[in-house]
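These notes are about the structure you will find just below.
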Amino acid sequence: FKILMKRIYVDMDGVLCNFAKAFNAGRLRDPEQNFPQSQFGFWMDLEPIEGAIDSFNALSRVFDVWILTKPSFDNLNSFSEKAYWVNKWFGPQVLRKLIMCRDKSLVIGDYLIDDTTLANQLNFRGTFIHFGQEGFENWLKVLQYFAFIK
C-alpha cells in the first residue's frame, strides 16, 4: 500500500531566496530602473534566505515538498533563471518539482509557505503559512511549527 505524504509548497522569492536584497541593490545601482527584476540575470545569483536550503531539505525527508513560484511576466527570462537557481541550490531532483504559476490558489496541497498574498495565496485550499509574519518569522519558526525542533 502507498502512504500518502502531506504536500508542502514553498515560494521562492522572499522565502527561499533573498529577492529584496537583490532588488534594493539593483535600485541603488540604477535608480532609473524601477524594476531590477526585469533585467537579464536577476534571479540567477540570488542569495538563499538564512536556513532556507537546510530547512527545505529537512522538510523533504518527511513531506512531499515542491517549489511554487510566480514568474515575472515583465521578464520572460525569469522562467529559466528561476529554474537555474533551483537546480544550482537543490539539483535536478528538486528542479523536477518546480511549479511556476500566477495564481497559487490553483494548486492543491496541504501547506503553502509564502511571504506575500499577491498571487491569491489567501484562497489556497490548504494551510497558508505566512513566512516572515508573526509565528513564522524565519525558517527556525517554520520547522518548529512542523515539530522538527522543540
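Using the Karplus curve 6.51 cos²θ - 1.76 cosθ + 1.60 with θ = phi - 60°, work out ³J(HN,Hα) for each residue of the stretch 96-104 in order, rounded to whole Hz, and write x for Gly and Pro.
These are the phi-based 3J(HN,Hα) values: 5, 10, 9, 10, 10, 8, 6, 10, 6 Hz.
Relative contact order, percent, of the chain when contacts are C-alpha pairs under 8 Å separated by at least 6 residues? Show your work: numbers first, answer last.
On the way: 227 pairs, mean separation 38.2, N = 150.
RCO, the chain: 25 percent.
With the chain treated as a Gaussian network of Cα nodes joined by springs under 10 Å, which of Pro31, Pro71, Pro48 yields the largest mean-square fluctuation?
Pro31
In whole angstrom, how far apart do the alpha carbon centroids of the stretch 1-38 and the stretch 62-91 sit?
9 Å
Quick one: which residues, 5 or more positions from Asn138 or on another chain, have an amide H under 5 Å from its amide H? H modelled 1.01 Å from N in the peptide plane, none for Pro or chain starts.
Gly132
Using each residue's phi in the stretch 51-58, evaluate 6.51 cos²θ - 1.76 cosθ + 1.60 at θ = phi - 60° and report the 3J(HN,Hα) Karplus result to the nearest Hz, with x for Gly and Pro.
Couplings: x, 5, 5, 5, 5, 4, 5, 5 Hz.
Between helix 19-29 and the chain, what is the angle of the helix's C-alpha long axis to the longest principal axis, kept within 0 to 90° and rounded to the nearest 10?
The two axes meet at around 10 degrees.
Would you mind checking which residues have amide H under 5 Å from Val65's amide H? H placed 1.01 Å from N; only 5 or more apart, or other chain.
HN-HN under 5 Å from Val65: Ile8.
In Å², what does the accessible area per residue of the chain work out to with a 1.4 Å probe?
58 Å²
Give me the one-decimal Kirkwood hydrodynamic radius in Å for the stretch 36-125, with the sum taken over alpha-carbon pairs.
In the stretch 36-125 this quantity evaluates to 14.0 Å.
At 7 Å along the Cα-to-beta-carbon direction for both Cys101 and Asn24, put a label point, then send me their distance in nm to one decimal.
Calculated label separation equals 3.1 nm.
Among rounded, prolate and oblate, which fits the stretch 82-150 when a ≥ b ≥ c are the square roots of the eigenvalues of its C-alpha gyration tensor, a/c under 1.5 means rounded, and a/b larger than b/c means prolate?
It is oblate, given that a/c is not under 1.5 and a/b is not larger than b/c.
Taking H placed 1.01 Å from N in the peptide plane, check which residues at least 5 places from Gly126 or on another chain put their amide H under 5 Å from its amide H.
Amide H neighbours of Gly126: Gly109.
Return the carbon/sulfur percentage of the accessible area of the stretch 22-65, one whole number, probe 1.4 Å, all protein chains in place.
Values: 1350 of 2680 Å².
C and S atoms contribute 50 percent here.
The values are calculated or read from the model by the stated rules, or taken from the named source; none is laboratory data. Note that the structure is predicted; figures quoted are calculated from it, not measured. Neighbour counts run over all protein chains shown; Cβ positions are idealised from the backbone, glycine included. Surface areas here come from the heavy atoms of the whole protein model, side chains and all, with no ligands, DNA or RNA. Shrake-Rupley method; radii C 1.70, N 1.55, O 1.52, S 1.80 Å.
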